[in-house]
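Asker: Please read through the structure below; I'll follow up with questions.
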Amino acid sequence: MTHFNPLGHLSIGVRDYSVSKAFYSAILFPIGLSLVYDSEDPAKGGKALNPDADATKKKRTRTLGFGPDADHELLNIFEFGDDAAAPGAGFHLAFNAPTRDAVVEFHAMAIGFGGSDNGAPGIRKHYGANYFAAFVVDPDGWRLEAVCKTEVDEEENVGVDGEDDNVETKK
């Protein structure tokens with residue numbers, strides 16, 4: 001039986017299209033999401049720009065869409081320049097990751113592409129025995145999480161601090 005997911009997509013506003021395109025393309029790849037819509041790329045569903053016609057029109061908001069495929073776009077990113085603002089403490093977007101390695105890679109890519117650490121990869125026992133997560137903040141202040149709840153053998157947990165409380169404590 002297929003599980004019905006009532007959530008269609010989430011949309012966020014960012015300051016810089018190019019920075020966000022690089023950041024989200026890198027961090028979402030390990031968890032199985034890719035760029036499926038790009039308003040500036042006809043190959044990704046956008047429209048070819050006509051320099052003559054576009055010069056006389058109001059500037060379009062550049063948009064990116066990420067998902068497992070074009071029919072299941074989950075995250076939309078709109079460039080709003082200085083008008084973009086992430087919500088404050090208490091809000092974050094959590095992405096399910098297929099493996100713990102994907103969580104680790106999500107975190108590493110986020111740091112490598114201009115994000116900041118908000119909780120290193122590890123078990124969060126206070127959320128569940130198999131709650132393996134990492135927390136980051138994107139270049140615009142959006143708080144993000146990757147989580148994998150897959151059970152693993154006890155020996156694989158050796159060396160992981162189960163009492164880590166680095167969950168959304170920074171920024």
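Asker: List, in order, the whole-Hz ³J(HN,Hα) value for each residue of the range 123-130 obtained from phi through the Karplus relation with A = 6.51, B = -1.76, C = 1.60 and θ = phi - 60°; use x for Gly and Pro.
Answerer: 6, 10, 4, 5, 9, x, 4, 10
Asker: Now a separate question. How big is the C-alpha Rg of the range 10-157 next to the rule-of-thumb value 2.2 N^0.38 Å, as a ratio? Please list the in-between numbers first.
Answerer: Numbers: Rg = 17.1 Å, N = 148, 2.2 N^0.38 = 14.7 Å.
With N residues counted in the range 10-157, Rg over 2.2 N^0.38 Å equals 1.16.
Asker: Okay, moving on. Please compute the modelled spin-label separation between HIS3 and ARG60, points set 7 Å along Cα→Cβ, answer in nm with one decimal.
Answerer: Taking the simple label geometry, ARG60 and HIS3 are separated by 3.6 nm.
Asker: Quickly work out the ALA129-to-ALA89 label distance, labels modelled 7 Å from Cα along the C-beta direction, and quote it in nm with one decimal.
Answerer: For the pair ALA89/ALA129, the computed spacing is 3.3 nm.
Asker: Using the per-residue mean of other Cβ atoms lying within 10 Å as a proxy for protection, in what order, highest first, do the peptides 82-93, 36-47, 17-28 fall? Display every interim value, and only then the final one.
Answerer: Working: 82-93: 11.4, 36-47: 15.0, 17-28: 19.8.
The peptides rank, most packed first, as 17-28, 36-47, 82-93.
Asker: Right, here's the next one. Which stretch or stretches of the range 20-46 have amide N atoms under 20 Å from the point lying 7 Å from ALA70's Cα along the Cα→Cβ direction?
Answerer: So the set is 25, 29, 32-46.
Asker: Using θ = phi - 60° and the Karplus form 6.51 cos²θ - 1.76 cosθ + 1.60, what ³J(HN,Hα) does each residue of the range 2-7 get, whole Hz, x for Gly and Pro?
Answerer: So the J values, rounded to whole Hz, are 7, 7, 7, 9, x, 7.
Asker: Taking amide H positions as placed in the peptide plane 1.01 Å from N, state which residues far from ILE12 in sequence (5 or more) or on other chains have amide H under 5 Å from it.
Answerer: Correct list: ASN76, ILE77, PHE78.
Asker: Which far-off residues, 5 or more places away or on another chain, put their amide H under 5 Å from the one on GLU40, with H placed in the peptide plane?
Answerer: THR63
Asker: Once phi is turned into ³J(HN,Hα) by the Karplus curve 6.51 cos²θ - 1.76 cosθ + 1.60 with θ = phi - 60°, what whole-Hz value does each residue of the range 106-111 show in order, with x for glycine and proline?
Answerer: Values per residue, Gly and Pro as x: 3, 4, 4, 5, 4, 5 Hz.
The numbers here are math on the coordinates, done by the rules we state, and not lab data. Source: prediction; values computed, not measured. When we count neighbours, we look across all protein chains shown, and the Cβ atoms used for this are built from the backbone with ideal geometry, even at glycine.
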